[in-house]
Amino acid sequence: MNKRVIPYVVRPTTAVLTRGFDPRLSVGSARPAVFRSSTYVFNSPESAERAFAIALGKVRPAADENVDLIYSRLSHPNAEILEDQIVPLEKGAKAAAVFNSGMAAISTVLLSLCGPGWSVVHTIPVYGGTQHLFDTLLRPLGVRTIGVPAGDGAALDAAIATAGNLRIVYLETPANPTLRMVDIRRAVEAARRHPDAPLVVVDNTFLGPAFQHPLALGVALVVYSGTKYLNGFSDMLAGVVLSADEEMITHLRGTRAILGNILQPDECWLLDSRLPTVTLRMNRQSKNAQRIAEGLQGHPAVRRVLYPSLFTDPEQINIRDAQCDFPGGIMTLDLKGGKMAAFTFLRSLRILRDAVSLGGVESLACHPRTTTHSELSPEDMERAGITDGLVRLSIGVEDWRDLLRDIRDGLDAI
Ligand SMILES: Cc1ncc(COP(=O)(O)O)c(C=O)c1O
């Protein structure tokens, strides 16, 4: 079998199907095999010694050196294939590391880059698990966390400028579940002016990799819950970190080996098979969501539909237009009747299911205040605008007219 080399640079949707995998290494199989081994046989004692020296960072591999695999907690063929194939999907990325959940990716980034005495400035709200990580792991370790409401650019500038020993600026945009956007470029510029040169990290789960490209705006790291759109079928957990800085990813892989939270071979294989369709799925989900969001405006039970194409705040509109290609598949309804209305609505749905998570081909709905964000303190809940009447919808690939009817029926039941 000839090794086929493409003599020109291909676009991301082609690259995801053509790089990172050599069929000759999987007995000619057109798609990757699953390599479940926990340990790998060395070519020689010398190559074992060399593989360990490289893994421990004592020496660097040569440009096209074929380093022996060691042990699956460090890396394995399916992780290598997935990490290579996901890179072209994230504009500006040069390397990726995969983890066994989004939280594994986020906690590995924060634990390996932050320590006692350092500060983290972050937007509010962040995903409840991330907030829990700040409160129950980082703060007791001596890391100072400073929250700023998403969308308040001046407050974020001020928090970055005045934080001492600033290591990380952590952004989640659009914010979950309020969809408030954070100006990524402005945060990068504020971080560049700080003497500690903090790293800007963006959780790109909601709009990436199809519609938002933080690395191209100068951020250091992008993190994902791969459980969501990257996978798209609500049948596995995964996390991914991407960067333009290959050494930073090597460092994170080192922490991953210590924490033992690499994505397992079967899950790598599954996620790898979902990548070629992520842009197709996200486009369809965004089109569906936009039609539904616009169709729900003005319903008597709805105070506001929180959705990027319906923004009215001029600053939010500017941020959206500058950094997002399309509005995406998530919207939040602010219901007039508070918690009781939200629960009646959730009980009345027939097609959308009452479940947390998002980004799957099936549509889901949930009540953030009592579920995904219940870990936030009452004050943070207020500051973030997570009120009793909010219901978050993750729109799937069903026919949008059936979804709109189901949602309207649920609203009418209130
Ligand atoms: C924006 C965001 N980031 C991170 C996570 C955590 O991901 P995982 O559940 O894969 O650990 C979630 C989960 O819902 C999320 O919505």
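Which FRET efficiency value, to the nearest 0.05, is calculated for residue 14 and residue 246 with the Förster distance at 25 angstrom and r the Cβ-Cβ distance? According to the calculation, E is roughly 0.65.
Sequence-distant or interchain residues sharing an amide H contact under 5 Å with residue 183, placed H: which? So residue 183 has HN proximity to 151.
Model label points for residue 258 and residue 37, set 7 angstrom from Cα along the Cα-to-Cβ axis, are 2.8 nm apart.
Its relative contact order, with pairs defined as Cα atoms under 8 Å and 6+ residues apart, puts the range 77-275 at 31 percent.
Largest GNM mean-square fluctuation among 262, 168, 317, using the chain with Cα springs under 10 Å: 317.
Divide the volume of the convex hull around the Cα atoms of the chain by the residue count and you get 146 Å³ per residue.
Rounded, prolate or oblate: which fits the range 278-413, taking a ≥ b ≥ c as square roots of the Cα gyration tensor eigenvalues, rounded meaning a/c under 1.5, else prolate when a/b beats b/c? Rounded shape, in that the Cα axes give a/c under 1.5. What's the longest uninterrupted piece of the chain once you rule out the trypsin sites (Lys or Arg not before Pro) that are loop residues per DSSP with at most 11 other Cβ within 10 Å? Excluding the exposed sites themselves, the longest stretch runs over 59-349.
Only helices enter this figure: runs of n ≥ 4 DSSP H residues, each worth -39500 (n - 2.57), summed and divided by the residues of the chain, yield -11000 deg cm²/dmol at 222 nm to the nearest 500. Measuring nothing but how far apart in sequence close Cα pairs (under 8 Å, 6+ apart) lie, relative to its length, the range 329-414 scores a relative contact order of 44 percent. With θ taken as phi - 60° and the Karplus curve 6.51 cos²θ - 1.76 cosθ + 1.60 applied, the whole-hertz 3J(HN,Hα) list for the range 169-176 is 10, 10, 10, 10, 9, x, 5, 9 Hz, x standing for glycine and proline. Here is the list for the range 1-74: chymotrypsin sites (Phe, Trp or Tyr not before Pro) lying in DSSP coil, each with at most 12 other C-beta atoms within 10 angstrom of its C-beta, are 8. Distant-in-sequence amide contacts of residue 148, defined by a placed amide H-H separation under 5 Å and a gap of 5 or more residues or a different chain, comprise 122, 123, 124.
Averaging the sequence gap over all C-alpha pairs within less than 8 Å and six or more residues apart, then dividing by the number of residues, gives the chain a relative contact order of 17 percent. Computed 3J(HN,Hα) for the range 11-18, one whole-Hz value per residue from the Karplus formula 6.51 cos²θ - 1.76 cosθ + 1.60 where θ = phi - 60°, is 7, x, 5, 7, 4, 5, 9, 10, glycine and proline marked x.
Just checking the listed ones, 143, 202, 41: in the Gaussian network model of the chain with Cα springs under 10 Å, the one fluctuating most is 41.
When the chain is treated as a GNM with alpha-carbon contacts under 10 Å, the residue of 370, 312, 387 showing the greatest mean-square fluctuation is 312. In straight Cα distance, which lysines are under 25 Å from residue 58, not counting same-chain residues fewer than 8 positions off? Within the straight-line limit of under 25 Å, residue 58 reaches these lysines: 94. Size estimate for the range 77-275 follows the Kirkwood approach: the inverse of mean 1/r over distinct Cα pairs works out to 16.6 Å.
When the square roots of the Cα gyration tensor eigenvalues are ordered a ≥ b ≥ c, the ratio a/c for the range 240-304 is 1.5 or more and a/b exceeds b/c, which makes its shape prolate. Oblate is the label for the range 187-324, because the ratio a/c of its alpha-carbon gyration tensor axes (a ≥ b ≥ c) is 1.5 or higher and a/b is not greater than b/c.
By the count of neighbouring beta-carbon atoms within 10 Å, fewest first, 14, 145 end up ordered 14, 145.
For the range 355-414, pairs of C-alpha atoms spaced more than 16 angstrom apart make up 53 percent of the total. Ordered by the number of other Cβ atoms lying within 10 Å of each residue's own Cβ, fewest first, 170, 307 fall into the sequence 307, 170. Each of 271, 252 has some number of other Cβ atoms within 10 Å of its Cβ, and from fewest to most they run 252, 271. Straight-line reach from residue 287: taking Cα to Cα under 18 Å and skipping same-chain neighbours fewer than 8 places apart, the lysines in range are 228.
Quick note: the coordinates plus some simple rules give every number you see, no bench work behind them. Since the model is a prediction, treat every value here as computed from it, not as a measurement. We place every Cβ from the backbone using ideal geometry, glycine too, and count neighbours over all the protein chains shown.
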